[in-house]
Amino acid sequence: MRDELEYIVGLGCEVGLHGGYYSYNDPKTLREEKIRLERALGKTVIGIRMHYLRFNVPDTWRLLADLGFKYDTTFGYPDMPGF
């Protein structure tokens, strides 16, 4: 996996985290996921998208900010279209 990540970064692309199913409201789990990806990349991860659009406003935003994410691309809702 590390070779593939290096290839993607070498192309000038950014690699973000796709948070796990339960990590949207679990600081410990999300921190571990972020650290694991950062170790594999050798750089800080600043972007995220939550799995299955799982999100709890405003708690998940606070969690993401506390962990150092700069942006989130979890747009929309899992049970209806739109924002």
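The values are calculated or read from the model by the stated rules, or taken from the named source; none is laboratory data. Keep in mind it's a predicted model, so treat the numbers as computed, not measured. Methodologically, a virtual Cβ is constructed for each residue, glycine included, from the backbone with ideal geometry; neighbour enumeration extends over all protein chains shown.
Numbers below:
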{"quantity": "Test: residue in the stretch 1-14 that is more than 14 Å from Gly68 (Cβ to Cβ), touching a helix residue (DSSP H, G or I) at 6+ places or on another chain (Cβ under 6 Å) and either at pLDDT below 95 or not in a helix (DSSP H, G or I) (or both)", "calculated": "yes"}
{"quantity": "One residue from Thr29, Thr44 being touching a helix residue (DSSP H, G or I) at 6+ places or on another chain (Cβ under 9 Å) and without any contact (Cβ under 8 Å) to a residue 24 or more places away in the chain", "calculated": "Thr29"}
{"quantity": "Among residues of the stretch 28-51, those that are more than 12 Å from the chain's Cα centre (by Cα) and loosely packed, with under 15 Cβ neighbours inside 10 Å, counted", "calculated": "4"}
